[in-house]
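As structure tokens, the structure follows; a few thoughts come after it.
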Amino acid sequence: MTGTSDADAPAALRRTSPPIIAVDAMGGDNAPGEIVKGAVLAVRELGLRVVLVGRRTEIAGMLAEHDALRDIPVVHAEDSLAMHEGALASWRRPRSSAAVACRLIRRGDADALVSAGSTGGVVATSTVRLRTQHGVLRPALAVTLPTGETPTVLVDAGANADAKPEMLVQFAHLGCAYAQTAFKVRRPRVGLLTIGSEPGKGNKLIRRSAELLAAAAEDSPVMDYRGNIEGHDLLARKVDVIVTDGHTGNVALKAVEGTAAFAMDAVRTALTSSMAAKAGAMLQRRALRGLRERLDSETYGGAALLGLNGTVVIAHGDSRARGIAHACRLAHDLAAGDIGEHVRRRLHTRPAGWLHRLAQSEGPAEGR
């Protein structure tokens, strides 16, 4: 199966259960070596079905090193997205590995895409080639924050720097669908990220979004809107879903990741500062290993791009094999849980256009 080309992929990759994950082998700072290794881990340790997309000869050689030529099929893609490429990448690289993976999903030969490539490039490519679900204004990136046994979902984490209030309402529904599918939260609690917990705090976008969210949640059996939350609540587990625009969400995410990395470095320094500290660390190594895994962003598999006709997971650009394997598991769980159907049901529980009519009936939306 290693020699599978794009032309004959349908015969070799018929959709079966469990889902098939198309992995962009050429995306990421450590591609293709760590990506291939992560795919092998996903297959052998997690029992997932994976197909690698990229330069066939190069990938086949790496699979041979892992004795995995018979375990993982390869679909050839002659091009790849560079890590610096943004929204125009979809048009500049129509034959990139990410674009070919999207083509597999559209044809029904794969169920999800995993890529560690440029976030802007993958968002643009998958949005153009998979299209948004009916009724979705914009797709949004959802990430999980390390808040304990049940993580908190942050959405949008960077797909839409400029957003409208109506979009934030949809982001809340996308985040709730994610929390229900990935973490089995029956009625997710939703909070709106702003500069104060009191009603009326924030800019025009946030104030109008708060009004629409409150109205949308009044008779919703699947959303528990809790109002505003602040930056220090990001890891406090006060809500299950945190809603914000992509600019604010990305800044918040990077701040959390940077703080976690700083904390781990500080703990490591403290535990190696003396012989007594090292002895204590040996006694607590299991707890420390758990803390490290909890704060390691690779453990959570990256960000899910929600609202498209297909499951897309964007791993961290510097992901290593373990991070790619976790991203594959997240993509598998979302596809197996039919995240797209959850989103569709949420956005169509009311008559078509209800969100736009709501906005018009209560006055022009702010912050457009």
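The values are calculated or read from the model by the stated rules, or taken from the named source; none is laboratory data. Because the structure is a prediction, the values reported are computed rather than measured. So basically every Cβ, Gly included, is an ideal-geometry build from the backbone, and we count neighbours across all protein chains shown. Accessible surface is based on the protein model in full, side chains and every heavy atom, while ligands, DNA and RNA are left aside. Shrake-Rupley method; radii C 1.70, N 1.55, O 1.52, S 1.80 Å.
Among the residues of the range 168-211, write down those that are part of a helix (DSSP H, G or I) and either among the polar types (S, T, N, Q) or farther than 24 Å from H232 by Cα (or both).
Q170, A177, Q180, T181, A182, S209
Mind checking which pairs have a first residue in the range 127-141 that is among the charged types (D, E, K, R) and a second that is open to solvent by 60 Å² or more (accessible area, probe 1.4 Å) and part of a loop (DSSP other than H, G, I, E, B), Cβ under 8 Å, 6 or more apart or different chains?
Going by the 8 Å Cβ cut-off, the qualifying pairs are R131/N309.
Quick one: would you say L63 is modelled with pLDDT of 95 or more, over 18 Å from D29 (Cβ atoms) and buried (at least 24 other Cβ atoms within 10 Å of the Cβ)?
The answer is no for L63.
Please count how many residues of the range 40-70 are in a helix (DSSP H, G or I) and among the basic types (K, R).
2
Please go through the range 78-91 and pick out each residue that is at pLDDT below 75 and more than 20 Å from the chain's Cα centre (by Cα).
L88, W91 - these are the residues of the range 78-91 that are at pLDDT below 75 and more than 20 Å from the chain's Cα centre (by Cα).
Restricting the first residue to the range 97-109 and requiring it to be within 14 Å of S80 (Cα to Cα) and part of a helix (DSSP H, G or I), which pairs with a second residue that is open to solvent by 10 Å² or more (accessible area, probe 1.4 Å) and basic (K, R) meet a Cβ separation below 7 Å and a spacing of at least six or different chains?
Between residues of the range 97-109 that are within 14 Å of S80 (Cα to Cα) and part of a helix (DSSP H, G or I) and residues that are open to solvent by 10 Å² or more (accessible area, probe 1.4 Å) and basic (K, R), the close pairs are A99/R93; A99/R129; C102/R129.
Taking the criterion of being in a helix (DSSP H, G or I) and at pLDDT below 95, would at least one residue in the range 307-319 satisfy it?
no
What are the pairs, 6+ residues apart or on separate chains, where a residue within the range 262-281 that is in contact (Cβ under 8 Å) with a residue 24 or more places away in the chain has its Cβ under 6 Å from a residue that is open to solvent by less than 80 Å² (accessible area, probe 1.4 Å) and assigned to a helix (DSSP H, G or I)?
M264/L295
Taking the residues in the range 203-222 that are at pLDDT 90 or above and in contact with a strand residue (DSSP E or B) (Cβ under 7 Å, 6 or more places away or on another chain) as candidates, determine which candidate is surrounded by the most Cβ atoms within 10 Å (Cβ to Cβ).
Going through the qualifying residues, I end up with S209.
Quick one: would you say V53 is open to solvent by less than 30 Å² (accessible area, probe 1.4 Å), among the aliphatic types (A, V, I, L, M) and closer than 20 Å to G121 by Cβ?
The answer is yes for V53.
Might you let me know whether the range 142-157 holds any residue that is among the charged types (D, E, K, R) and touching a Phe, Trp or Tyr at 6+ places or on another chain (Cβ under 8 Å)?
yes
Suppose the filter is more than 19 Å from the chain's Cα centre (by Cα) and of a type outside the set (G, A, S); does R138 pass it?
Spelling it out, it is not the case that R138 is more than 19 Å from the chain's Cα centre (by Cα) and of a type outside the set (G, A, S).
Yes/no per residue for (1) assigned to a helix (DSSP H, G or I); (2) at pLDDT 90 or above; (3) within 30 Å of A31 (Cα to Cα):
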site	(1), (2), (3)
H326	yes, yes, yes
A331	yes, yes, yes
A335	yes, yes, yes
H342	yes, no, no
R346	yes, no, no
H356	yes, no, no
A365	no, no, no
